[in-house]
1. Taking the Cβ-Cβ separation of R286 and E325 as r and a Förster radius of 22 Å, what is the calculated FRET efficiency to the nearest 0.05?
2. At each listed q (0.12 Å⁻¹), what is the log10 of I(q)/I(0) that the Debye formula gives for the stretch 371-445 modelled as equal alpha-carbon point scatterers?
3. Per DSSP H run of n ≥ 4, the term is -39500 (n - 2.57); total these for the chain, divide by its residue number, and report the mean residue ellipticity at 222 nm rounded to 500 deg cm²/dmol.
4. Please report the accessible area of E289 (heavy atoms, 1.4 Å probe, ligands and nucleic acids excluded) in Å², nearest 10.
5. Per residue, how much accessible surface does the stretch 307-445 expose to a 1.4 Å probe? Answer in Å², no decimals.
6. Could you tell me the accessible area of R286 in Å² (1.4 Å probe, neighbours in place), rounded to the nearest ten?
7. Top to bottom by accessible area (1.4 Å), largest first, where do S31, S358 land?
8. How much of the accessible area of the stretch 220-345, probe 1.4 Å, is carbon plus sulfur, in whole percent?
Amino acid sequence: MSLLSSLTQQVIKKNPNEPEFQQAVKEILESLEPVAVAHPEWMEAGIFDRIVEPERQIIFRVSWINDKGVVNVNRGFRVQFNSAIGPYKGGLRLHPSVNLSIIKFLGFEQTFKNSLTGLPIGGAKGGSDFDPKGKSDREIMRFCQSFMTELSKHIGADTDVPAGDIGVGAREIGFMYGQYKRLRNEFTGVLTGKGLSYGGSLARTEATGYGMCYFVEEMLKATNNSFKNKTVVISGSGNVAIYGAEKAIKLGANVVALSDSNGYIYDPTGIKLDTVKKIKEVNRERISEYVKYHPTAEYHEGCSGIWKIKCDIALPCATQNEVNETSAKTLVANGCIAVGEGANMPSTPEAINVFLKSKILFGPAKAVNAGGVATSALEMSQNSIRYSWTFEEVDNKLKAIMSDIYMKTSNAAKEFGFEGNLLAGANIAGFIKVADAMYSEGIAY
Ligand code: GLU
């Protein structure tokens, strides 16, 4: 009987309607078994039992008035998961699929991801089931203001620092920051991902996608390989996908596909990023528009078909559980040599098994996409010293952080008997720092 399997069962029983949260906990506890054996004092101090329970969960009503004058009601969330190593930190997601299970799984993952960055940030996540699709700028503003009216009571530059995630970019952060300032009469680094004119950091927009490529480049380098001349498929067309594609192209790859929640585009001659940026960032349109500008490209309805495209490197950057067992098998059968998870938990447990068994390079989300939140922490540093670094300064720090995460992850895997398994390595390396801090800080929470 393993030390942690009864805890996994307890979590499943205690959180019965939260499949995504259960999935995230199960995956982490499985890799922590050798750590539990090596640290009986952590078992005795209840570290494992405590780390799977959020420190605080806030659920609130968000009412707002649409352009027709009709009152709408959404549900807002902030799950402050763990503050052992720093103030709570993590994004806000606006998407109709948001519920407590999704926010808890994201907050739990964030705790380990943030620890891996080596920077002093705890784990949290928040958001709402509000659907930004089709809403006017004014509706988005009224929603964000109402959301922040409640959220402002629970956050602060030294308490909890939210940022963006799916459905939350510079526009939403701006509206929320303005409202926080109005309510609190203070100009502090309470949010990250801010615009450059009011305290944002250069390279924050690019950071998650760039960081993903820096990490994947490290994985490839370890097998004497690189992005050069590789065919790359990227799902999603948000911030992570766009800037991941930009960096992959700069590193010599041919990016041939991108997607959104309706379907995917395939352009064997290489995706033209200027067109994608215009469609997604300026016009806020669907990715299907791409074929109007480039008629030789193809648009296909449905998302999972994107993994049937033959590629060397696959970068899932859309959302949780977007790669299932069948897609994973297809990728491997088609000769894919590396998978880097840009989204949070994009591969199902069955898909991960396929990747690990096939021995292709597999970069897990909490390591691969940690560059975003790492750069958020750099934004917090700049806000604290009331100064801003150049793009190159931030980008160089990001590069160093990503290669450090790669080293930590592969070393931890080796040390605990999982050589080559970066998923286990990331879980272990992320956990150890948080566990050590929790142990030092005592048991009263
Ligand atoms: N939402 C991003 C993530 O999943 C960024 C969070 C942040 O910058 O705080 O890590």
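The values are calculated or read from the model by the stated rules, or taken from the named source; none is laboratory data. Note that the structure is a prediction, hence the values are computed from the model and not measured. Cβ sites come from the backbone with ideal geometry, for glycine too, and all protein chains shown count toward neighbours. In case anyone asks, the SASA skips ligands and DNA or RNA and just uses the protein heavy atoms, side chains included. Shrake-Rupley method; radii C 1.70, N 1.55, O 1.52, S 1.80 Å.
1. Values: r = 28 Å, r/R0 = 1.28.
In this case the efficiency is close to 0.20.
2. Each listed q maps to, in turn, -0.48.
3. Dividing the helical sum by the residues of the chain leaves -15000 deg cm²/dmol.
4. Here the accessible area works out near 40 Å².
5. Ligands and nucleic acids excluded, the figure is 40 Å² per residue.
6. 70
7. Numbers: S31 10, S358 45 Å².
Correct descending sequence by accessible area is S358, S31.
8. Values: 2630 of 5280 Å².
That share works out to 50 percent.
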